[in-house]
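Student: Attaching a single structure in structure tokens format; questions to follow.
The values are calculated or read from the model by the stated rules, or taken from the named source; none is laboratory data. Everything numeric here is computed off the predicted structure, so don't read it as measured data. Cβ sites come from the backbone with ideal geometry, for glycine too, and all protein chains shown count toward neighbours. Keep in mind that these areas ignore ligands, DNA and RNA; they rest on the heavy atoms of the full protein, side chains included. Shrake-Rupley method; radii C 1.70, N 1.55, O 1.52, S 1.80 Å.
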Amino acid sequence: MHDLNDMRYFAEVVDHGSFAGAARALDLPTSRLSRRIARLEAELGVRLLHRTTRKLSLTAAGEQYHRHCVAVRDQADQAQAELARILAEPRGPLRVSCPVTLAQTTIGPLIPGYLARHPKVRLDMQVSNRVVDLAEEGVDLALRVRPTLEDSGSAIIKQFGLSHGLLVASPALLRRHGRPAQPAELERFDAVGMSAAGGKVRVRLLGPQGARHEAACRPACIADDLLTLRFAILGGVGIGVLPDYMCHEDIAEGRLERLLPGWSLASGIVHAAYLSRRGMSPALRSFLDYLGEKLVQDPGGDLLGISPLGQPPGAAAGAPTRPAATPSPPPARPGRASARGGR
């Protein structure tokens, strides 16, 4: 089969009227271009050009062949332009895994804005706390909230910031039972939680200068779903721990109050995991960029507008401040284990 590049070279020589003009347009040496056209004629077994010292002219066969070469060149250029357009514009399917509460409280409200900006993307959002295997299940991106990144395996990590567990209660509950001033006073309260090891809801607190305290509270409601626990806390059933991204609006609007603000609870790193930077689709890149734009961190790493601990300048007076003992996220690094996701 003939080298299709030679067809382009021939079309350019004819269109420019000379080997020198075509060579400049193609950024090739004139001698090399002349040899390629001579080889093409030899392969075809027909003369395409009449050459003189003053000009070039087409043979009858050359005229007919030139029309086909121009069509091939133009179609190749059109295909290249179309491919470049596809590669530059976010489009097509994008499969994302996200934990339930993060989707319901933080990511879900951002989705309409992303799709309005990129209407050709088809978002397939898997909202589940189930652990997913990115490669095996064909998931492009897993959003996660985890205490560390050590088990991220071979996945590439993009961190968005820190989320904190907050100990909260409803104002009605505090009016009935008073406000605890010390961690030891928590045990006189009923509590809600995801488990009750040994018949108690356990709240592990970290205080100033590394002080630690574990309160064992009476279980009033146990549920393995944070949204259910939030409703119970709002209803005054008991005190409980919620992630900041789930209760920051409740705190800001007075529906919940934070307890023991000088003590902190476990932090989680809000991050995205994906398999490779190489060959990343425009849809995936645009989604990561969009989340990075919306999930803004303060200098300490807390998510502004999500965590009541990290407030932008001009935040409402009386908002809780970020405790000094809040840990910083470890650096992102790819490893060499499985690329599994989850909550």
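Student: Among the helices (runs of 4 or more DSSP H) confined wholly to region 1-114, which include 1 or more residues that are more than 50 Å from the chain's Cα centre (by Cα) and charged (D, E, K, R)?
Tutor: Numbers: elements: 4-16, 19-26, 30-44, 60-88.
By residue number, 30-44, 60-88.
Student: Quick test for you: out of 214, 249, pick the one residue that is in contact with a Leu (Cβ under 8 Å, 6 or more places away or on another chain), open to solvent by 60 Å² or more (accessible area, probe 1.4 Å) and either part of a strand (DSSP E or B) or closer than 30 Å to residue 141 by Cα (or both).
Tutor: Numbers: 249 fails: in contact with a Leu (Cβ under 8 Å, 6 or more places away or on another chain).
Within the list 214, 249, the selection yields 214.
Student: Sort out which residues of region 223-245 are within 28 Å of the chain's Cα centre (by Cα) and either among the β-branched types (Val, Ile, Thr) or surrounded by fewer than 18 Cβ atoms within 10 Å (Cβ to Cβ) (or both), and write them in order of number.
Tutor: Once the filter is applied, which keeps residues that are within 28 Å of the chain's Cα centre (by Cα) and either among the β-branched types (Val, Ile, Thr) or surrounded by fewer than 18 Cβ atoms within 10 Å (Cβ to Cβ) (or both), region 223-245 yields 224, 225, 227, 228, 241.
For every residue, the table says whether it meets (1) open to solvent by less than 10 Å² (accessible area, probe 1.4 Å); (2) touching a residue at least 12 places away in the same chain (Cβ under 8 Å); (3) more than 18 Å from residue 221 (Cα to Cα).
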site	(1), (2), (3)
161	yes, yes, yes
178	no, no, yes
190	no, yes, no
202	no, yes, no
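Student: If you take the residues of region 1-19 that are exposed (fewer than 13 other Cβ atoms within 10 Å of the Cβ) and in contact with a helix residue (DSSP H, G or I) (Cβ under 7 Å, 6 or more places away or on another chain), which of them is nearest to residue 39 (Cα to Cα)?
Tutor: Within region 1-19, the match that is nearest to residue 39 (Cα to Cα) is 2.
Student: Residues in region 68-81: is at least one in contact with a strand residue (DSSP E or B) (Cβ under 8 Å, 6 or more places away or on another chain) and open to solvent by less than 40 Å² (accessible area, probe 1.4 Å)?
Tutor: no
For every residue, the table says whether it meets (1) at pLDDT 95 or above; (2) among the hydrophobic types (A, V, I, L, M, F, W, C); (3) loosely packed, with under 14 Cβ neighbours inside 10 Å; (4) over 24 Å from residue 107 (Cβ atoms).
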{"position": "165", "(1), (2), (3), (4)": "no, no, no, no"}
{"position": "174", "(1), (2), (3), (4)": "yes, yes, no, yes"}
{"position": "187", "(1), (2), (3), (4)": "no, no, no, yes"}
{"position": "196", "(1), (2), (3), (4)": "no, yes, no, yes"}
{"position": "199", "(1), (2), (3), (4)": "no, no, yes, yes"}
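Student: Across region 103-116, which residue is nearest to residue 126 (Cα to Cα) among those that are surrounded by 17 or more Cβ atoms within 10 Å (Cβ to Cβ) and modelled with pLDDT of 90 or more?
Tutor: Here the answer is 103.
Student: Between a residue in region 122-139 that is within 21 Å of residue 282 (Cα to Cα) and any residue that is modelled with pLDDT under 90 and of a type in the set (Lys, Arg), which pairs come within a Cβ distance under 8 Å, given they are 6 or more apart or on different chains?
Tutor: 134/340
Student: Failed condition for residue 154, given (1) part of a helix (DSSP H, G or I); (2) over 24 Å from residue 226 (Cβ atoms); (3) open to solvent by less than 40 Å² (accessible area, probe 1.4 Å), with all others met?
Tutor: Every condition holds for residue 154 apart from (1).
Student: Which numbered condition in (1) crowded, with 18+ Cβ neighbours inside 10 Å; (2) touching a residue at least 40 places away in the same chain (Cβ under 8 Å); (3) farther than 30 Å from residue 273 by Cβ; (4) among the aliphatic types (A, V, I, L, M) is the only one that residue 96 fails?
Tutor: All conditions pass for residue 96, except number (3).
Student: Further question: For residue 51, which of the numbered conditions (1) crowded, with 20+ Cβ neighbours inside 10 Å; (2) among the basic types (Lys, Arg); (3) without any contact (Cβ under 8 Å) to a residue 12 or more places away in the chain fails to hold?
Tutor: Going through the list (1) crowded, with 20+ Cβ neighbours inside 10 Å; (2) among the basic types (Lys, Arg); (3) without any contact (Cβ under 8 Å) to a residue 12 or more places away in the chain, residue 51 breaks only (1).
Student: Could you count how many residues in region 129-154 are modelled with pLDDT of 85 or more and either touching a Cys at 6+ places or on another chain (Cβ under 7 Å) or closer than 9 Å to residue 273 by Cα (or both)?
Tutor: Adding up the residues that qualify gives 6.
Student: What about residue 182, is it open to solvent by 50 Å² or more (accessible area, probe 1.4 Å), on the phi > 0 side of the Ramachandran plot and of a type outside the set (Val, Ile, Thr)? Show your work before the answer.
Tutor: On the way: open to solvent by 50 Å² or more (accessible area, probe 1.4 Å): yes; on the phi > 0 side of the Ramachandran plot: no; of a type outside the set (Val, Ile, Thr): yes.
So residue 182 does not fit the description; no.
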